[in-house]
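Notes for the one structure printed next.
Each value in this text was obtained by applying a stated rule to the coordinates, not by laboratory testing. The shown structure was predicted, so the numbers you read here are calculated from the model rather than taken from an experiment. Cβ placement follows ideal geometry from the backbone for every residue including glycine, while neighbour counts extend to all protein chains displayed.
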Amino acid sequence: MHRIDWLFALAAAVLLCTAPAHTQTPANPEVPAAPRTVNLTLEQRHVIRELVRDLKLTVDPAADDGKVAAGDDVPGKVQIHPVPALIGQKVPQIRSHRFYVTQRQIVIVDPQDQKVVEVIE
């Protein structure tokens, strides 16, 4: 084998070995993304529950349409409130979020997309 032929064969082998592999399957558009949450601890949930209870907010009738889950849209007529400074200090990951209260739940809302990110029973 001539030296140039050998170099071409070596270059071809290197290119074949370094070509990107396409082993990932494409994302299935029918499978919804997992809802975002803020991953609160039990202690943080308790703190939020107690501090919201102290606010003595009245439940908006539009907010009590049944169970709410992370990923749900906020009903259009529900009045959402900013997270009070004291709650933001104790649970910093929800400082910029909003919330509303139902008969049995405190619903934490992402202010950017108006989606429920956490529900505290």
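For Val117, the amide hydrogen comes within under 5 Å of the amide hydrogens of Gly71, Ile108, Val109, Asp110, counting only partners 5 or more places away or on other chains and with H modelled in the peptide plane. Here the peptides 80-87, 94-101 are ranked by packing, the mean other Cβ count within 10 Å, and the order with the highest first is 94-101, 80-87.
Using a Förster distance of 22 Å, how high is the FRET efficiency between Leu57 and Lys90, based on the Cβ-Cβ distance and rounded to 0.05?
0.80
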